[in-house]
Structures are given as C-alpha cells and as structure tokens.
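Chemist: First the structure, which I've put down as structure tokens, then a few questions once you've had a look.
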Amino acid sequence: MPYWLYITIIVLIVYVVISIALYYLQDYMLFKPEKLPEDFQFNYENQAFKEYNLETRDGAIINGVRFFPKGESKGIVLYLKGNSKSIKGWGKFAVDFTRHGYNVLMVDYRGFGKSTGRRSQKAIKRDLQEVYNKIKELTTEDRIIVYGRSLGSGFAAKLASMNHPKMLIMDAPYYSLTKVTARYAPFMPLSILLKYPLPTYKWLKYVQCPIHIIHGTNDKLIPYKTSVKLSQVNSKLTKLHSVIGGGHKNLNNFESYHKMIHEILNIAPQEIDLSTTSIHVKHSSKKSKTKA
C-alpha cells in the first residue's frame, strides 16, 4: 500500500471517530447542568416566590419558581436561562424584573435542577410551549414577556414565533448554535452532527411582537456582531441595545444594562409621523462644482 494512501486512511478513520464522539458527547459539551435533589428547598433573600412542578405528556417533570413583585403586577416574564447550573443560582436575577412590577417565572430544562426527562431540542421546545400555555391560563398574552439569555435566547425566539407575547427580549443571543460551535470545530460536519442546531435566525423571521436584543460589545463567546446580524432579520420590529465593554456573563454588572431593562419595560413605544421627518431625503451622489 502506498504511503500516501495509508496516511489518508488513518486521517479518515480519525475524522470518523471524532465525528462519532462529537455526536454522542455533545450533550455533555453543550450543557452544564446542576442537579438538585427532590427535597431541595429554594431560598431567595428578600424575594417572594413559589415553586411549581409541571408534568409533561411524556411523564417528565419541569420544575420552576415564580417570583412575585411588591404591589400590583404588570404581567409576567418567562425567563429562559443559559446552559449552566440551575434556577437555584439564576433566581437572583429575577429582581431585575420584579422591581419593575413583573412576576418572573424561571424553569429548569430537562436534566437541570429538579427537572427530569430525556433531553432533546424537540422535547425542550415542547416543554416550554406547555409552560407558556399554563401562563396563558393565568393572564392574557399582552402581559407576557419572553426573555431568553444565551442558550435560552433561541428557545425564546421559537416561543415568540409560535405565540403572541407582549415582547421578546434576547440577551447575548446566537445566530444559530451551529454557527457558535463551528468556531471551535470548523472542519467538522456540524450541520449533520449537531442535535441542537437552534436556528434563532429562522424563528426570528416569524416573530410579530417587538424584539429587543441586548449584547455586550466585548462578548468573547458569542461575538457582538452576531446580534448586529440578528437585528437585521426582522428589522422593523427589532431594536439592538449595546452594552459597551460588556462580556458574555457580566452584563448585570453594568449600569447601562439596567437602564436598558428599565426603558424596555417602562417606556411605551411611540408612533412617529414619518411624513414630518427627513426619511425620504436622499444625499446627492454628484459632486457639487464650485467656482473659483
């Protein structure tokens, strides 16, 4: 056997082995869950909350915590978290919405926290729709805000595309999970291997409510340019909010982030009479001639 052919076969074998490993191990690489015992007691200082368990049609249990604001409620925020830990830790971010008069419902995906069931993209989407349906039994859709953080942004876009919430807020979103993972394995056929492609850009096209995208300009995991690109998918309904200097995990440490949340939640959108603006004025493409 020629030496070059021998090397080619070895490379192909290694490539196939790595591809198989990526397919079967991707759950462990993509998800970093924190599992909690059934009898775990949530404890959040200075926050009123109640724990819920939803049994899905395939027998899984989706665990969630609902946080209550002081005074009359303006609505409810369905908060879809990132790919790590559990709502045990994520619950501390509920205050960013309860302080504005909103209830906040956080749920753990399958295999996270107290939630059970075999995880898949289809199963998670179905679970979240069931959660959304339960929320609709409590209030009208014009009082529901869907908030997705990092991993949760894709699922949030999907929910908003299938329903009619008051608004969609995406925090550090990705164009698609295939694009994110391709940065780390550019030579692998991820479009075939990835069980969680999560094509946010596709779902965003069908969203009919106001869309707010928040992203840090110094995000190393999901580059800021991702949100710039996403903001163009459904541009008429989308507003991009830039946290200057913000990374992927520290936006809550920036005052500008909290000002953005305040404006998004409290300032009603105003219709502009475009006939009174310069929207139709075009710059001349010809160079003006000046006399000496």
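The values are calculated or read from the model by the stated rules, or taken from the named source; none is laboratory data. Being a predicted model, the structure only gives us computed values, none of them experimental. No Cβ is skipped: glycine too gets one built from the backbone with ideal geometry, and neighbour counts run over all protein chains shown. In case anyone asks, the SASA skips ligands and DNA or RNA and just uses the protein heavy atoms, side chains included. Shrake-Rupley method; radii C 1.70, N 1.55, O 1.52, S 1.80 Å.
Chemist: Run Lys249 past the list (1) outside any loop (DSSP other than H, G, I, E, B); (2) more than 24 Å from Gly101 (Cβ to Cβ) and report the number of the one that doesn't hold.
Modeler: Lys249 satisfies all of (1) outside any loop (DSSP other than H, G, I, E, B); (2) more than 24 Å from Gly101 (Cβ to Cβ) except (1).
Chemist: Are any residues in segment 96-118 at negative phi and part of a loop (DSSP other than H, G, I, E, B), and if so, which ones?
Modeler: Residues satisfying the conditions are Arg99, His100, Asp108, Tyr109, Arg110, Phe112, Lys114, Ser115, Thr116, Arg118.
Chemist: Which of the residues spanning segment 79-94 are surrounded by fewer than 16 Cβ atoms within 10 Å (Cβ to Cβ) and not in a strand (DSSP E or B)?
Modeler: Result: Gly89, Lys92.
Chemist: Same structure, new question: Tell me which residues, restricted to segment 65-78, are closer than 15 Å to Gly101 by Cβ and in a strand (DSSP E or B).
Modeler: Across segment 65-78, the qualifying residues are Arg66, Phe67, Phe68, Gly75, Ile76, Val77.
Chemist: Ok, one more. Filter segment 116-130 for residues that are open to solvent by 10 Å² or more (accessible area, probe 1.4 Å) and touching a residue at least 40 places away in the same chain (Cβ under 8 Å) and give the result.
Modeler: Residues satisfying the conditions are Thr116, Gly117, Arg118, Arg119, Ser120, Gln121, Arg126, Glu130.
Chemist: Those residues that are over 30 Å from Phe254 (Cβ atoms) and open to solvent by less than 10 Å² (accessible area, probe 1.4 Å), I need them from segment 96-114; list them, please.
Modeler: Arg110
Chemist: Now for a different question. Quick check on this structure: which one of Ser115, Ser227, Ser176, Ser150 is within 25 Å of Ile264 (Cα to Cα), hydroxyl-bearing (Ser, Thr, Tyr) and modelled with pLDDT of 95 or more?
Modeler: Only one candidate passes the filter, namely Ser227.
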